[in-house]
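Below is one structure, written out as structure tokens; the observations come after it.
Every read-out reported here was derived from the displayed coordinates using simple, explicitly stated rules and does not represent laboratory data. Worth saying up front: this structure is predicted, and the values here are computed from it rather than measured. Don't worry about glycine lacking a Cβ; one is built from the backbone with ideal geometry, like all the others, and counts go over all protein chains shown.
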Ligand SMILES: Nc1ncnc2c1ncn2[C@@H]1O[C@H](COP(=O)(O)OP(=O)(O)OP(=O)(O)O)[C@@H](O)[C@H]1O
Ligand SMILES: Nc1ncnc2c1ncn2[C@@H]1O[C@H](COP(=O)(O)OP(=O)(O)OP(=O)(O)O)[C@@H](O)[C@H]1O
Ligand SMILES: [Mg+2]
Ligand SMILES: [Mg+2]
């Protein structure tokens, strides 16, 4: 099979002064799974969005199935048989699944007629690809994994022959990711072409036929997957050798720093999200919480850090209680030595419209060292931001740049620098490397282990099982709001996976 | 004499279908009769009062007429600075050697309107719609209430005001709705002193087959046969007189109080409302007018104590 | 608000583009003048000359500017916290109570410089009070600030109508206004300031509250960009979730912000009451609260933008009055149209000429700043 | 007076007062649901009322008057659309600008054409919407309970009032049951989702803005052709702002809009009716308190029962694809 599904010739694209894609050439063979990798901001999403007609290239041609295609807008792309699952989901959150799937493909002016057809078609697709969703569920109430299914169904519903997936596994559990890959395999067998962007080289090795590497807006290499290695790919991406495994010494746990007892948290709708959870974390250890997204991890972190009020339970920080069921004050907790890297850096951990330096003090803006009389000491704030920029190699090294203009990995480093550099006693971290490239992951992992070695108590939540296993000294597994088991980091992936799926857990919890 | 007359209107603007417009009509009449051009200005905010007044005075305009009671403070200052300029202010008394103050006895006209309303009413309930709750409007209302109630103790007068923002003078929809509400409560004649809002009041009366009473200018022609009368207040005459007397070098400063006797206020009678006015009504208002002029009937002036005894 | 196009040098961004927008606004206004059969050139002359041609004219322009700086700042402060305060009109109106009470109580006994601080405090206090309730309702009950502030404008009008009728108005007076204040309740004019430039303020009510407005503008800048409170307000305005994460108390910040906003709006009352009329009149705000919305947004909620925007509106008010003095066929309503066109072209359509100007400027300067896609972490 | 009769009369007054609010709030619903905020409802209504008054006077045809109102209002909407959709300007500033321009232009043009200071000449009955008397309204008047409801409350309204009330379910149906409505609601929540689905965000928003113009046009025509007989300057008197408040009060939902507008109308009708009325125990309350009552009660209701109103997520921000 040598027929080309896609050929990109000399694609060039600038956003204002940012040259996001430079003279890119790419060939993708029909019926293959083609991986695309590259650092944050390398231009992967931009390239795919051009292929999908969402952006227009400044120069260059797109050839689909041997014919030059004029892809002016997503409509043209859809007509050419291209479907795309975007990195940031393109779903209307207060619409139902069905409404989202129909949007743009309603078939008739009045919805009712189309609805019946869409339901039937959805049923068929669900069966064929084992992608179950409740068509009448509202998107914002669904876990991200399911939301992604909706995105895939959207593309399939539009009869896509070429499917682009932009970092689809960032939000998935291993089991879900496996499920996704089975579907992709199935699509490939049906002769469809898949373009897969991911930061996880393991996935590239496992599923793709070919892989292309982008760096700083350029396409630097294309390899046949079988003939390359993780090491080579990482080096191609970053332009230097990358350590893919974190080196970690023995943990030396000391006193209990954070003690959680019988914590119960409900969400705004009154659903119990954290159900009677208890655990302790000692100084000098990393406790990882594994679990499928949406099983209460987020609410757990929020309750401990004082952002969300708990229903019941106690939390002791350094031996003294936090008023988690009352008015726990995040600012107060910071002063008492609790640092928190939130899961959602875009909306919670950072104010994207602020300068880098302003974000560098978010939550610590009360600190007298940033104050000069009644005013904020801007010079002190910038100076400190510059220090952190240097220590964490944040790029571009400009504390006055708007945070929105930093790439995801650098944004994450801004948060980490802020939360880690003050020597907290307890560090709680959610999804430290979501959407972050390998170079940055290596750096972030090293910092987290350093924190532990300095005698901090670290609570780590991640949906990346690899990450949990690589960093944690103990692993707790959460399912449906409960801690369903504790395992050592060398527990097998399969065993953890079963716990996360609630299979073992239900038995254990019942005991 | 050669004169450069000028007039400055109040915030309502010269086409308020009411007070300022009457002033404008007086100036136009003067212009039509004498061919003498006049300057005029509509202020857009209070800060422009003094500015406009001074501006007209320093440009050599003479006489200068101000429509409205809000001009007193500014006029007091400027009149002293321009002792040779003649000023006239309407609806307000200001004691200065070069100022003529013209005030009206709205209550006397209102009294006659009240009598007509009461006599035309089958339900013995009549009503009043005011633009805003301000003393001047109470002057209109109080005479009207007194007039209607002078017919007998069983007469009832409903009274309502449109609003408290400047929009109160420009809300015909609400004016109409107030009138309808009053009709629902039994009124069958409604008198308004509400500027542009009154257009809606009279319209509502016409639509409902009830009677309206206009104000300031003669509004009988707006809905012939549906407007019982209009309480005319001869602001136009006041302006005309001020200009004319200056032209004839007969401008007198001092206070002019214009009531029924001076033909400053009255109820309008013309072919539009002739069919509505019965001989008894005619007789009643003639008598009332005579009594008031003779002083045997004294109509209470709201401004004397800011209460309405009726 | 994000700027959708490439970054321009500061002189173009803050100088050229606003100027081009204004020029177009006046061009279109000129067409309207032409339609009425008058000469647009002459109107333009009267507009500019009327606003700046003489010390007195400048005095009037700056008098209006003062008012708009206060109401513009009020809207801007709330905007930084993500609150759309359309209640400036009512807050300024109620602020008048504070000024009036201070003046009625002390105008016989205190000189203006002692009474002024009391009046400022009174104006700010009453304005803040009137904003406190909508702020509190938003913070504690989730009542949408836009509705409550609209409602509070109406309620303020009714309240003031009542107070002027029944409390403040001297018996027997026709107008709904207080008595005229004695010397202590009259702010001095800034003739010395004008004299420095060899100008005379004449009869223009250009008074010391202008300086207060400038101080307030500077104070707002300090507050928003140099204090912890301002930092918290901006955090709240951009992302309530981040604010909660940072330990910022949502209700507290909302209430404080609204009170500051209302206080600024209330201080507007000083200018007409103590600086011009020396008494409080019915409806003395006369729409300045709504003009403040346009001023704040056109000034991008930054004092450095609000002052020129307020000056622009001051110029439209004063220059507009001069036009209608000089050209009787151009009425005050025409001036309202011109104001609208300026708001439209210089405000809402501010980006219209940006692409063209960008192309020209970037075309002229060598393209050296071609930045590579930012390197990854 | 008969208590029941009073209720009927209050209800009829409520219906009349809420008619323009319903139309204007539904107008706002269409644009705001599509993500374009509009505080220019006031100006559009005013412009439409003027156009209706003028054209209806000149042609003696209500149909022409109504069409002119819609045309002018749609044109103003397109200006708002051009500024805020195409040029990505501030939606609030654009709305404020339209309010200014219309406030000035209606007076200038009215004065230039009719010389009555911005008023249009009073319309004769043929130039105005009459009221629809339902069949047998007079015959059944004396039937207890139902009679007054039929002849007092239902009968005697302008066709535009019927249209306004009909537009509530129609708007609901358009928004929730048609393709256009689905897309419109989507573009107000997440324009990128609409864009990637291959639908033009701009064109969709323009259509929403046009819908707004049409409804605002009808609202304006109601003022000058049905409630009144001709245009008077500034005759909207803040109704656009109240409609905006009703829209938010209703949390951007058609059915709630009906209730919010009826509530505002009722409070107004109540305040009008009971001005100067001596209440049991309280006595006469000051006029100003009665006039402020609708606004005070609105605030209390809002604080007490309504809770948080969450606007369409993408509302107020122009859609920018490439930064
Ligand atoms: N809409 C846009 N407007 C302006 N600049 C953009 C836009 N989208 C992307 N960029 C810039 O273009 C560059 C490439 O971004 P892109 O999103 O394609 O990177 P990526 O490889 O997908 O990164 P990641 O791994 O973080 O998803 C970045 O510098 C980014 O800031
Ligand atoms: N104007 C109307 N006429 C007839 N039925 C209506 C009307 N408005 C609402 N309904 C009915 O009430 C239901 C609720 O509709 P509405 O849109 O008001 O609230 P909602 O469904 O809670 O809104 P959302 O779609 O945002 O969840 C609709 O599904 C419909 O059956
Ligand atoms: Mg990407
Ligand atoms: Mg619904």
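Observations
- Sorting A:193, C:180 by the number of Cβ atoms found within 10 Å of their own Cβ, with the fewest placed first, yields C:180, A:193.
- Each of C:221, D:252, B:169, C:192 has some number of other Cβ atoms within 10 Å of its Cβ, and from fewest to most they run C:192, C:221, D:252, B:169.
- At R0 = 22 Å, FRET efficiency that the Cβ-Cβ distance of residue B:81 and residue C:49 yields, to 0.05: 0.40
- Contact order normalised by residue count of region A:116-193, Cα under 8 Å, 6+ apart, percent: 31
- Test item: B:295-308 mean partner chain Cβ contacts at 10 Å: 1
- Mean partner shielding of peptide A:361-367, defined as the number of other chain Cβ atoms within 10 Å of each residue Cβ, is 5.
- With q set to 0.12, 0.19, 0.22 Å⁻¹, the log10 of I(q)/I(0) for region B:199-309, from the Debye formula over equal scatterers at the Cα positions, is -0.57, -1.11, -1.21.
- Sorted largest first, the spans of the alpha carbon positions of region B:57-194 along the three principal axes are 56, 30, 18 Å.
- Stokes-Einstein translational diffusion, region D:60-109 - Kirkwood Rh over all Cα pairs, 0.692 mPa s, 37 °C, in µm²/s: 276
- Label-point gap, in nm, between residue A:12 and residue D:143 - each point 7 angstrom along Cα→Cβ: 8.1
- Per-residue Cβ neighbour rank within 10 angstrom, fewest leading, B:24, C:93, D:150: D:150, B:24, C:93
- Centroid-to-centroid, using Cα positions, region A:341-398 and region A:183-204 are 40 Å apart.
- Shape category assigned to region A:15-73 from the gyration tensor of Cα positions, a/c cut at 1.5: oblate
- Inter-chain Cβ neighbour count for C:247-259, averaged per residue, equals 2 (cutoff 10 Å, partner chain atoms only).
- Cα-based shape type of chain C, given that a ≥ b ≥ c are square roots of the gyration tensor eigenvalues and the cut on a/c is 1.5: oblate
- Each 5 Å bin from zero holds the following percent of Cα-Cα pairs in region A:174-229: 4, 16, 26, 25, 17, 8, 3.
- Rounded to the nearest angstrom and listed largest first, the equivalent-ellipsoid semi-axes of the protein assembly as shown from its Cα gyration tensor are 67, 35, 31.
- Region B:114-180 versus region C:192-252: alpha-carbon centroid distance in Å: 48
- Gap separating the Cα centres of region A:17-78 and region D:1-53, nearest whole Å: 50
- Contact order relative to length of chain A, as percent, for alpha carbon pairs under 8 angstrom and 6 or more apart: 15
- Rounded to the nearest 10 degrees, the inclination of helix B:235-247 to the longest alpha-carbon principal axis of chain B is 30 degrees.
- Rounded, prolate or oblate (a/c below 1.5 giving rounded, otherwise prolate when a/b exceeds b/c) for region D:1-80 by Cα gyration tensor: oblate
- Kirkwood-type hydrodynamic radius, region B:73-126: 13.8 Å, calculated from all non-identical alpha-carbon pairs.
- A protection proxy built from the mean count of other Cβ atoms within 10 Å ranks the segments D:142-149, C:128-135, most packed first, as C:128-135, D:142-149.
- Of the peptides A:305-317, B:9-21, A:57-69, the order by per-residue mean of other Cβ atoms within 10 Å, starting with the highest, comes out as B:9-21, A:305-317, A:57-69.
- For region B:196-248, the Kirkwood estimate of the hydrodynamic radius, built from every pair of different alpha carbons, is 12.1 Å.
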